[in-house]
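Structure record follows, encoded as structure tokens.
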Amino acid sequence: MLTDADCRNAACLAGLKRRRLSDAAGLYLEVSPAGSKRWFWKFYPDGKESRLALGSYPDVSPKAARAARDDARKTRQSGTNPVQKRKADKITSAASSATTFEGVAREFFAAKEASWSPAYSARWIGRMEKDLFPLIGSLPLVEVSAPILLDTLRRIEQRGALDTAHTLRQTAGQVFRYGIQTGRCERSPAPDLHGALKPVTVKHMAAVLEPGSAGELLRAIEAYAGHPVTRAALVLSALLFQRPGNIRAMEWAEIKVDAAMWTIPAAKMKRTVHGKVNGRPHLVPLAPQALAILKDLRPLTGHGKFVFPSLLTGERCMSENTIRGALRRMGYTNDEMTAHGFRAMARTLMVERLPGISADVIEAQLAHGKSGPLGMAYDRADFMDQRRTMMTAWANYLDALRDGAQVLPFKSRAG
């Protein structure tokens with residue numbers, strides 16, 4: 001057995017990568033050419049040599065090294081590999097370093113932020129910092145019970161922020177699930193609060209949904225006396241029924257007149273960060289009426305990047321308030337029609353009034369994501385013939401409504 005003097009005077013012989021001095025029962029001191037001295041215990045799980053580091057000499061004396069070896073042998077005799085146990089202990093120790101609700105939430109946020117959009121990340125952490133951290137942030141995660149979380153959410157509810165209260169129940173659930181995964185808690189109280197909060201009344205975006213009213217809207221747009229670029233944006237909003245942000249940010253480089261196609265890059269679409277980076281672009285066929293509008297716009301804005309540039313500076317696209325303001329000047333309140341309402345108008349009238357158009361093709365043109373194994377398959381080019389036909393039929397239908405023609409509703413056959 002090694003004495004303290006043996007360890008103190010031990011040196012690695014010239015030409016050796018290391019020198020091992022045996023003690024007993026698999027314990028040895030390893031000396032490097034640089035003079036460092038480390039204790040190891042050698043054992044044989046599954047018939048193969050393995051070793052467990054027990055610390056450095058002189059911080060760990062021979063007596064302390066033997067005690068550590070004996071503890072490791074007991075672990076081994078119980079059927080557990082001491083090397084694997086140490087790794088598990090380190091993981092548990094690291095996981096236990098932040099046990100408060102705020103600590104775990106911030107750790108979860110740091111792990112997910114890169115995969116979230118900047119806007120979603122800002123909303124997520126902003127809500128937490130405003131409403132949950134001040135009240136339960138300092139509590140250990142395991143002590144945040146269903147009644148405590150409910151009391152916190154009801155304070156938010158009492159100020160009238162029902163949407164926020166429901167959203168924070170879900171985001172708190174994310175934190176608890178992460179806490180379960182990292183060993184900070186065993187269950188989440190968030191599911192227990194299902195139905196405990198006041199229900200949220202969903203208010204859909206205002207839209208014109210009747211053919212007669214749609215005709216009046218289209219005639220009002222045709223008679224719009226404001227800026228011609230704004231009027232064109234209104235017309236294309238109706239013809240293309242894409243998201244208002246995509247309409248406003250349309251670029252001339254995205255328009256292919258010969259192919260009668262507007263290609264919206266994936267990065268501009270309402271998708272996850274992965275979808276924006278790796279997804280396919282969204283394709284919008286252009287009916288002859290849409291191409292005619294763009295042809296008229298070319299002399300006005302074709303010298304710049306955006307089809308609808310800001311009326312103040314051409315360096316940015318049109319403001320989101322421009323379409324809203326134009327609708328107000330035309331006499332439509334926010335409860336009657338919005339920029340987003342053109343999408344609902346198209347979805348409703350095509351399903352109810354135009355025969356032979358598949359709802360799946362309409363949803364694909366609206367860029368509504370699909371779940372399940374098909375995923376975004378409805379956005380593939382093999383639906384392009386249906387889309388071109390649909391967009392032309394829709395444009396012709398809008399012309400008929402604007403001109404005041406009597407357009408009868410399509411009645412489906414009895415099943």
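Rule-based calculations on the coordinates, nothing more; no lab input. Every value quoted in this text rests on a predicted model; they were computed, and no experiment measured them. Cβ sites come from the backbone with ideal geometry, for glycine too, and all protein chains shown count toward neighbours.
For R86 and I148, FRET efficiency with R0 = 45 Å and r from the beta-carbon atoms, rounded to 0.05?
In this case the efficiency is close to 0.80.
Which net charge results for the neighbourhood of G26, defined as the other residues with beta-carbon distances under 12 angstrom from its beta-carbon, given Lys and Arg at +1 and Asp and Glu at -1?
Computed value for this residue: +4.
Just want to confirm a number: the relative contact order over the stretch 101-193, from Cα pairs under 8 angstrom separated by 6+ residues, in percent.
Result for the stretch 101-193 is 32 percent.
How large is the direction-averaged shadow of the alpha-carbon convex hull of the stretch 4-93, in nm²?
6.7
As an exercise, identify the trypsin sites (Lys or Arg not before Pro) in the stretch 23-63 lying in DSSP coil whose Cβ has no more than 11 other Cβ atoms within 10 Å.
Counting only loop positions with at most 11 other Cβ atoms within 10 Å, the trypsin sites (Lys or Arg not before Pro) in the stretch 23-63 are K48.
HN-Hα J couplings of the stretch 12-26 from phi, Karplus 6.51/-1.76/1.60, θ = phi - 60°, integer Hz, Gly and Pro as x?
8, 5, 4, x, 9, 6, 6, 10, 10, 10, 6, 10, 6, 6, x
Helix 146-158 sits at what angle to the longest principal axis of the chain, using alpha carbons and giving 0 to 90 degrees rounded to 10?
30
Set the bar at 23 Å for Cα to Cα. Now go through K130/K198; K130/K270; K87/K112; K90/K130; K17/K63 and name every pair that lies beyond it.
In this structure, K130/K270; K87/K112; K90/K130; K17/K63 lie more than 23 Å apart at Cα.
What's the ranking of 118-124, 56-62 by average number of surrounding C-beta atoms within 10 Å, highest first?
In descending order of packing, they fall as 56-62, 118-124.
Positive end of the charge dipole of the chain (Lys, Arg +1 and Asp, Glu -1 on Cβ, about the Cα centre): tell me which of T313, G183, L16 has its Cα farthest that way.
L16
First select every other residue whose beta carbon is under 12 angstrom from the beta carbon of K305; then total the charges, Lys and Arg +1, Asp and Glu -1.
Around K305, the charge tally is -2.
For the peptides 243-252, 26-35, what is the packing order when you average, over each peptide's residues, the other Cβ atoms within 10 Å and list the highest mean first?
243-252, 26-35
Short version: ³J(HN,Hα) in whole Hz for each residue of the stretch 56-61, in order, from phi by Karplus 6.51 cos²θ - 1.76 cosθ + 1.60 (θ = phi - 60°), x for Gly and Pro, what are they?
Listing the rounded values in order: 10, 8, x, 4, 10, 6 Hz.
Non-local amide H neighbours of H282 (under 5 Å, H modeled in plane, Pro and chain starts lacking H): which ones?
Placed amide hydrogens put I264, A266 under 5 Å from H282.
Where a ≥ b ≥ c are the square roots of the eigenvalues of the C-alpha gyration tensor, would you call the stretch 211-402 rounded, which needs a/c under 1.5, or, failing that, prolate if a/b is larger than b/c, or oblate?
Judged from the Cα gyration tensor, the stretch 211-402 comes out oblate (a/c at least 1.5, b/c at or above a/b).
Could you sort 3-10, 389-396, 289-296 so that the peptide with the highest average Cβ count within 10 Å comes first and the rest follow in order?
In decreasing order of mean packing, 3-10, 389-396, 289-296 become 389-396, 289-296, 3-10.
Using the Karplus curve 6.51 cos²θ - 1.76 cosθ + 1.60 with θ = phi - 60°, what ³J(HN,Hα) values do you get for each residue of the stretch 238-244, in whole Hz, with x for Gly and Pro?
Residue by residue, the stretch 238-244 yields 6, 5, 9, 6, 8, 4, x Hz.
Could you list which residues have their amide H under 5 Å from that of S56, counting only those 5 or more apart in sequence or on another chain, with H placed in the peptide plane?
Residues meeting the amide H criterion: W39.
From the Cα gyration tensor of the stretch 101-193, with a ≥ b ≥ c the square roots of its eigenvalues, which class applies: rounded if a/c is under 1.5, or else prolate if a/b is larger than b/c, or else oblate?
oblate
Starting from the amide H of T100, placed 1.01 Å from N in the peptide plane, find each other amide H under 5 Å away whose residue is 5 or more places distant or on another chain.
L141
Among [x] 106, 56, 54; [y] 69, 64, 39; [z] 70, 60, 37, only one was calculated for this model; which label is it, if the read-out is Cα extents along the principal axes in Å?
Among [x] 106, 56, 54; [y] 69, 64, 39; [z] 70, 60, 37, the one derived from this structure is [x].
Stretch S358-K17 to full length: gain in nm at 0.36 nm per residue minus the Cα-Cα span?
Length gained between S358 and K17: 115.3 nm.
Over the stretch 211-402, what relative contact order in percent results from Cα pairs under 8 Å that are six or more residues apart?
29
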